[in-house]
Amino acid sequence: MSFDEIIDRRGSHCAKWDKMEAIYGVPRDTGIAMWVADMDFQPPQVVRDALQAQVDHGFFGYFGDDSKYLAAIQWWMENRHGWKVDPSWVFTTHGLVNGTALCVESFTAPGEGVILFTPVYHAFARVISAAGRQVVECEMINDNGRYEMDFDRWDAQMTGNEKMLVLCSPHNPGGRVWTREELQGVADFAKRHDLIIVSDEIHHDLVMPGHKHTPMARIEGVTDRLVMMTASTKTFSIAGAHVGNVIIEDDKLRAKFGARMMALGLSPNSFGLFMATAAYSPEGAAWVDDLVTYLDGNRKLFDAAIDAIPGLSSMKLEATYLSWVNFEDTGMPMSEAIKRVQEDAAIAVNHGETFGKGGETFMRFNIATPRARVEEACNRLTDAFRDLQ
């Protein structure tokens with residue numbers, strides 16, 4: 001397939017395109033959807049073939065033997081990330097927001113604190129608050145357009161009520177690939193304050209050239225407090241499959257999580273398992289390599305256009321397909337910047353304040369879309385802020 005092919009997703013029950021007018025006031029017919037984090041690319045042919053085979057078979061009963069699915073996960077994690085996974089460690093959840101919510105329920109009690117390094121993916125705070133837990137925002141340092149961790153300040157912020165931290169690795173929305181030293185810092189911080197670490201690594205396959213993701217599971221001495229979360233959904237453009245994995249090596253943590261899943265009677269959708277099994281393959285790997293090359297081209301195009309507009313700057317993506325654009329130096333209120341993006345440029349984006357402390361002057365743009373559409377978005381943004389130039 002060609003990533004340049006534009007496929008109209010409007011009218012297909014697509015949240016990204018069909019809900020942008022109701023939520024952001026961006027016209028459905030002429031607007032560009034750059035908010036929800038799913039890609040405007042069809043998944044690799046091997047995934048579509050696996051799904052078509054099930055449709056052709058014509059039976060849609062309960063999923064049975066999951067050995068091939070688990071073997072595919074093992075193969076992918078070892079070959080792509082140097083991480084050996086035992087099948088007995090793997091729980092399949094209804095996506096990773098569901099996985100996060102299950103971790104909150106399994107490892108914390110109502111009223112206890114769950115730490116987020118903000119700004120960070122907005123769904124984390126939503127599920128923590130909905131579960132009656134306290135969201136503890138540890139704001140990161142924005143060091144000349146690059147997020148850094150601030151453990152000294154965070155140490156002083158702790159009260160003892162905090163029981164868990166959720167790490168986003170690679171980081172959404174800032175696009176950081178955390179170094180081994182930074183991950184060791186997270187592990188040490190968690191030990192000092194006796195915290196469970198939930199490491200959401202859903203973007204771990206979407207790493208730009210020149211950068212290397214390190215799974216938190218490869219940091220020594222953290223196994224007894226670590227919960228890993230991975231998924232094929234972001235990588236292969238199958239977010240609607242709602243299939244993710246919570247991978248827990250420690251026996252005690254695994255027993256707690258398993259008991260909570262059992263109590264809720266959860267089991268995965270069979271279509272997601274068929275798609276993920278097909279995706280985690282040599283054919284899927286080749287497709288991802290081509291995808292990342294394409295995304296890197298989109299990143300360069302978008303960054304150049306944004307950085308050419310006085311007052312705007314985009315964080316340099318090390319991973320993900322989500323560009324984090326700062327409007328602070330325009331000097332205008334965010335309400336005006338948002339109006340120009342959504343009304344004048346007709347682009348639907350995520351508002352930075354929803355990502356927590358430190359995100360107030362930002363907007364998040366999804367650039368996983370055909371390049372012609374990225375070019376059009378760049379032209380519209382240039383026009384919308386032309387008076388600054």
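The values are calculated or read from the model by the stated rules, or taken from the named source; none is laboratory data. All values derive from a computational prediction rather than experimental measurement. Methodologically, a virtual Cβ is constructed for each residue, glycine included, from the backbone with ideal geometry; neighbour enumeration extends over all protein chains shown. Note: areas computed on protein heavy atoms with side chains; ligands, DNA, RNA excluded. Shrake-Rupley method; radii C 1.70, N 1.55, O 1.52, S 1.80 Å.
Can you tell me which residue within region 343-367, out of those that are small (Gly, Ala, Ser) and either free of Cβ contacts under 8 Å to residues at least 12 places away in the same chain or assigned to a loop (DSSP other than H, G, I, E, B) (or both), is farthest from Lys19 (Cα to Cα)? I'd like the intermediate steps shown before the answer.
Going residue by residue through region 343-367, those that are small (Gly, Ala, Ser) are 345-346, 348, 352, 356, 358-359.
Add one more test, that the residue is either free of Cβ contacts under 8 Å to residues at least 12 places away in the same chain or assigned to a loop (DSSP other than H, G, I, E, B) (or both), and what stays is 345-346, 356, 358-359.
Details: Ala345: 17, Ala346: 14, Gly356: 23, Gly358: 27, Gly359: 23 Å.
Result: Gly358.
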*If Arg126 satisfies every condition in (1) within 22 Å of Ile197 (Cα to Cα); (2) part of a loop (DSSP other than H, G, I, E, B); (3) open to solvent by 40 Å² or more (accessible area, probe 1.4 Å); (4) not β-branched (Val, Ile, Thr) but one, which is the exception?*
(2)
*Restricting attention to region 154-171, report how many residues are open to solvent by less than 10 Å² (accessible area, probe 1.4 Å) and assigned to a loop (DSSP other than H, G, I, E, B).*
3
*Filter region 307-347 down to residues that are of a type in the set (Lys, Arg) and more than 19 Å from Gly174 (Cβ to Cβ) and give me whichever is least open to solvent (accessible area, probe 1.4 Å).*
Arg340
*Looking for whichever is open to solvent by less than 10 Å² (accessible area, probe 1.4 Å), on the phi < 0 side of the Ramachandran plot and not polar (S, T, N, Q) here; the options are Gly244, Gly258. Which one fits?*
Gly244
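Does Val114 fit the bill of being aliphatic (A, V, I, L, M) and open to solvent by 10 Å² or more (accessible area, probe 1.4 Å)?
Values: aliphatic (A, V, I, L, M): yes; open to solvent by 10 Å² or more (accessible area, probe 1.4 Å): no.
Answer is no for this residue.
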*Which condition number in (1) in a strand (DSSP E or B); (2) basic (Lys, Arg); (3) touching a Phe, Trp or Tyr at 6+ places or on another chain (Cβ under 6 Å) is the one that Arg176 fails?*
(1)
*Here is a list of conditions, (1) under 30 Å from Thr108 (Cβ atoms); (2) outside any helix (DSSP H, G or I), and Met262 meets all of them except one; can you say which number that is?*
(2)
*Mind telling me which of the residues Phe274, Phe365 ends up being open to solvent by 30 Å² or more (accessible area, probe 1.4 Å), of a type in the set (Phe, Trp, Tyr) and at pLDDT 95 or above?*
Phe274
*Does at least one position in region 88-96 carry a residue that is within 22 Å of the chain's Cα centre (by Cα), at pLDDT 95 or above and of a type in the set (Ser, Thr, Tyr)?*
yes
*How about region 57-73: which of its residues are surrounded by 17 or more Cβ atoms within 10 Å (Cβ to Cβ) and among the aromatic types (Phe, Trp, Tyr)?*
Tyr69
*Identify all residues within region 283-302 that are in contact with a strand residue (DSSP E or B) (Cβ under 9 Å, 6 or more places away or on another chain) and open to solvent by 10 Å² or more (accessible area, probe 1.4 Å); write none if there are none.*
Val292, Arg299
*Taking region 1-43 on its own, how many of its residues are within 25 Å of Phe355 (Cβ to Cβ) and exposed (fewer than 13 other Cβ atoms within 10 Å of the Cβ)?*
2
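Could we say that Arg225 is farther than 21 Å from Gly185 by Cα, among the basic types (Lys, Arg) and surrounded by 17 or more Cβ atoms within 10 Å (Cβ to Cβ) here? It would help to see each step written out before you state the result.
Values: farther than 21 Å from Gly185 by Cα: no; among the basic types (Lys, Arg): yes; surrounded by 17 or more Cβ atoms within 10 Å (Cβ to Cβ): yes.
So Arg225 does not fit the description; no.
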*Here are some conditions: (1) open to solvent by 30 Å² or more (accessible area, probe 1.4 Å); (2) of a type outside the set (Ser, Thr, Tyr); (3) part of a loop (DSSP other than H, G, I, E, B); (4) touching a residue at least 60 places away in the same chain (Cβ under 8 Å). His204 meets all but one. Which one does it not meet?*
(1)
*Consider Gln54 carefully, then state whether it is touching a Cys at 6+ places or on another chain (Cβ under 8 Å) and open to solvent by 30 Å² or more (accessible area, probe 1.4 Å).*
no
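Which of the residues spanning region 179-198 are assigned to a loop (DSSP other than H, G, I, E, B) and out of contact with any strand residue (DSSP E or B) (no Cβ under 9 Å at 6 or more places or on another chain)? I'd like the intermediate steps shown before the answer.
The initial filter retains those residues of region 179-198 that are assigned to a loop (DSSP other than H, G, I, E, B), namely 179, 193-195.
The answer is Thr179, and nothing else.
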